[in-house]
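Asker: Have a look at this one.
Taken together, the values in this text are just the output of simple stated rules run on the coordinates, not laboratory data. It should be emphasised that the depicted structure is a prediction, and the values quoted were computed from it without experimental measurement. Here Cβ is always computed from backbone atoms with ideal geometry, including for glycine, and neighbour counts include all displayed protein chains.
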Amino acid sequence: MNLQNELLNRLLNKYERSGHCLPGKSSNRRVGISLNEAEFPYYQRNRRERVEEVNAIIGRMQTAGLVTFRYRKGYEGWLIDKIYLNLERIPDAYRAVGRLPASLQARKLLEVLTDAYMKTGRPWVRRFIEDEQKRLREKFRASRLLPDKPGLAKDLFSVLQAAEKEPQLMRVLSVQCFQDSKHLERELLGFLLSIARHYEPDTVTYSHQSEERLTDNEVLAQIGILRYPEIFELCGDIILTLEGTSIPTAPFARGFCLQSETLAEVQGIRLDGIHRVYFVENRTNYRALVLRGIPSDVLLIYHGGFYSPAHGRLFQQIARAARDDTLFYFWGDLDLGGFQMFERLRKNIIPGLHSYRMNSSELYRYLHTGKSRSADYLHRLEQFQPRIEDPAIRDGIAAILKTGITVEQESMLDDDMAL
């Protein structure tokens, strides 16, 4: 550990948070740090060699005019109580540790932010940039969501801009932006996740309403960064057009899968004979329905949890291709998460969406398999209820609020289950 740099950096950190440094502020207080156990545990009076080491370093810094100090009362000439930054030699202190002054660092970061603001089309990224710009102008410091090094901040926005165009695999994106397959994951991943959790609208809304935390992969997918290619699972008699060739899916009686890269190449989807489309949240239930066989006029889609933008685009294509009289259903858990998924799909993609097996009769039928919920959970569910227009779900919510029990889809697998 370089003790001189450690002490000077701590002093400069305090200076940058003080009225001596911040715009529009003033202060007549000295900037100092204590060498007590709490603030600087390395300096211990029962370790003579450490005390002598630190004292010698502080003595050299005082001779250089960077700091002053005072001894602890009763231990004069031996134990230093506190050291103070010499405010008349601030530039020398910054040079001694090879650090940019806060105002200059802020100016460089503001240049990066201004450039990024002009290049992004995402409103939520612009809100993040605006918040950071305000903070930097007022405090000369970025929040923990933004790298404090301008070069790394520039890299961060390069990734966000590239992912804005189309979803990409993380390491492919890293190579594209930095010619290094691991730079994104190694240096930027934590920042990207934190920014998305605080600003990406769907992620923020879900997190505020749900007791379940989205996985890192789900959050990354929302901003166009994929760890692995996404897989879309469907079952039904539709026709896909690829490279001008029509491909019927009816022969795939046990369902079929599309990779996200393939979906980007699909030129069209036809649902000529489809009258009902079911989105099924849980894979176990989806597979059970597929294996039991579905009617010829039904399209079954594995919805999964918090659907990604790529899944959203597939759902939109299907909705646009459907006949005017096609009915759309969503089957999810009889709980807050399931209701949120229904409402998100209805609000964003399919306004006429209906619920399937999410009413009170289903809840009471499988009540013995359910899970007891806390008062806080039920309060959040009660607050969410006014957003729901579907009468069956409103009925289901009322039953949950009355019983305090929620039911998962897997409990609803039975022999007479049929579409």
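Asker: Straight-line reach from residue 371: which lysines fall under 24 Å, measuring Cα to Cα and dropping same-chain residues less than 8 apart?
Answerer: 402
Asker: For helix 336-348, what angle does its Cα long axis make with the longest principal axis of the chain, in degrees from 0 to 90 and rounded to 10?
Answerer: 80 degrees
Asker: Quick check on my link table: of 25/73; 14/154; 14/119; 165/347; 25/82; 119/149, which ones sit more than 30 Å apart, alpha carbon to alpha carbon?
Answerer: Numbers: 25/73 33 Å; 14/154 27 Å; 14/119 35 Å; 165/347 24 Å; 25/82 25 Å; 119/149 20 Å.
Correct reply: 25/73; 14/119.
Asker: Tell me, what is the percent relative contact order of region 81-145, built from C-alpha pairs under 8 Å that lie six or more residues apart?
Answerer: Values: 26 pairs, mean separation 19.5, N = 65.
Once divided by the residue count of region 81-145, the mean separation gives 30 percent.
Asker: Please report how far the C-alpha centroid of region 113-192 lies from that of region 1-64, rounded to the nearest whole angstrom.
Answerer: Measuring centre to centre over Cα atoms gives 33 Å.
Asker: Separate question: Note the full-extension length gain between residue 189 and residue 374 as 0.36 nm times their separation in residues minus their Cα-Cα distance, in nm to one decimal. Please report the intermediate quantities before stating the final value.
Answerer: Numbers: separation 185, 0.36 × 185 = 66.60 nm, distance 3.39 nm.
So the chain would gain 63.2 nm between residue 189 and residue 374.
Asker: How far apart, in nm, are two points set 7 Å out from the Cα along the Cα-to-Cβ line at residue 76 and at residue 97?
Answerer: With each label point 7 Å from Cα toward Cβ, the separation is 3.1 nm.
Asker: Can I ask one more? Relative contact order for region 51-187: what percent, with Cα pairs under 8 Å and sequence separation of 6 or more?
Answerer: Working: 116 pairs, mean separation 19.2, N = 137.
Normalised by residue count, the contact order of region 51-187 is 14 percent.
Asker: Read phi for every residue in region 302-310 and hand back ³J(HN,Hα) as whole Hz from Karplus 6.51 cos²θ - 1.76 cosθ + 1.60, θ = phi - 60°, with x for Gly and Pro.
Answerer: Per residue, the Karplus-derived 3J(HN,Hα) values read 6, 7, x, x, 7, 4, 7, x, 5 Hz.
Asker: Hey, can you rank 318-324, 9-15 by average C-beta count inside 10 Å, highest first?
Answerer: Details: 318-324: 14.6, 9-15: 17.7.
Top of the packing list down: 9-15, 318-324.
Asker: Another one. Given an 8 Å cut-off on Cα distances and at least 6 residues of separation, report the relative contact order of the chain as a percent. Present the calculation step by step, with values, prior to reporting the outcome.
Answerer: Working: 604 pairs, mean separation 37.6, N = 419.
The value is 9 percent.
Asker: In deg cm²/dmol, rounded to 500, what helix-only [θ] at 222 nm does the chain give when every DSSP H run of at least 4 residues adds -39500 (n - 2.57) and the total is split over its residues? Walk me through the numbers on the way to the answer.
Answerer: Working: 17 runs with 194 residues, N = 419.
Using -39500 (n - 2.57) per qualifying helix, the result is -14000 deg cm²/dmol.
Asker: Compute the signed sum of charges (Lys and Arg +1, Asp and Glu -1) over the other residues within less than 12 Å, Cβ to Cβ, of residue 126. Working shown, then result.
Answerer: Details: positive: 119, 122, 127; negative: 130, 131, 132, 164.
Charge balance near residue 126 sits at -1.
Asker: With log10 I(q)/I(0) by the Debye sum over Cα atoms at q = 0.07, 0.11, 0.14 Å⁻¹ in mind, check (1) -0.53, -0.92, -1.21; (2) -0.32, -0.83, -1.40; (3) -0.36, -0.87, -1.31 and report the label derived from this structure.
Answerer: (1)
Asker: Under 5 Å between amide H atoms, partner at least 5 residues away or on a different chain: which partners does residue 355 have, H built in plane at 1.01 Å?
Answerer: 330
Asker: Also, quick follow-up: Hey, can you grab everything whose amide H is under 5 Å from the amide H of residue 71? Only 5+ residues off in sequence or another chain; H modelled, so Pro and N-termini drop out.
Answerer: 81
Asker: Output the antiparallel fraction of DSSP beta bridges having both residues in region 230-412, as a percent to the nearest 5.
Answerer: On the way: 17 of 29 bridges.
Approximately 60 percent, going by the DSSP bridge assignments.
Asker: Rounded to the nearest 10 degrees, what's the angle between the helix 391-403 long axis and the longest principal axis of the chain, both from Cα atoms, 0 to 90?
Answerer: Roughly 60 degrees, rounded to the nearest 10.
Asker: If you build a Gaussian network model of the chain, linking Cα atoms that sit under 10 Å apart, which residue out of 86, 36, 359 swings the most?
Answerer: Top of the fluctuation ranking is 36.
Asker: Within the chain, what percent of beta bridges assigned by DSSP are antiparallel, to the nearest 5? Before the final figure, lay out each step's value.
Answerer: Details: 25 of 39 bridges.
Percent antiparallel among DSSP bridges in the chain is about 65.
Asker: Through the Karplus equation 6.51 cos²θ - 1.76 cosθ + 1.60, θ set to phi - 60°, convert the phi angles of region 224-241 into ³J(HN,Hα) values in whole Hz; use x for Gly and Pro.
Answerer: x, 10, 10, 6, 9, x, 7, 10, 10, 10, 9, 8, x, 8, 10, 10, 9, 10
Asker: So who's got an amide H within less than 5 Å of the one on residue 225, skipping anything under 5 residues away but keeping other chains? H placed 1.01 Å off N, in plane.
Answerer: 168
Asker: Where the centre of each part is set by its Cα atoms, how far does region 351-419 sit from region 268-284, in angstrom?
Answerer: 23 Å
Asker: Related question: If you count, for each residue, the other Cβ atoms within 10 Å and average over each peptide, how do 365-376, 173-184 line up from highest to lowest?
Answerer: On the way: 365-376: 13.1, 173-184: 16.8.
Highest to lowest by the protection proxy: 173-184, 365-376.
Asker: Using the Karplus curve 6.51 cos²θ - 1.76 cosθ + 1.60 with θ = phi - 60°, work out ³J(HN,Hα) for each residue of region 81-97 in order, rounded to whole Hz, and write x for Gly and Pro.
Answerer: 8, 8, 10, 10, 6, 7, 5, 8, 10, 4, x, 5, 5, 4, 5, 4, 9
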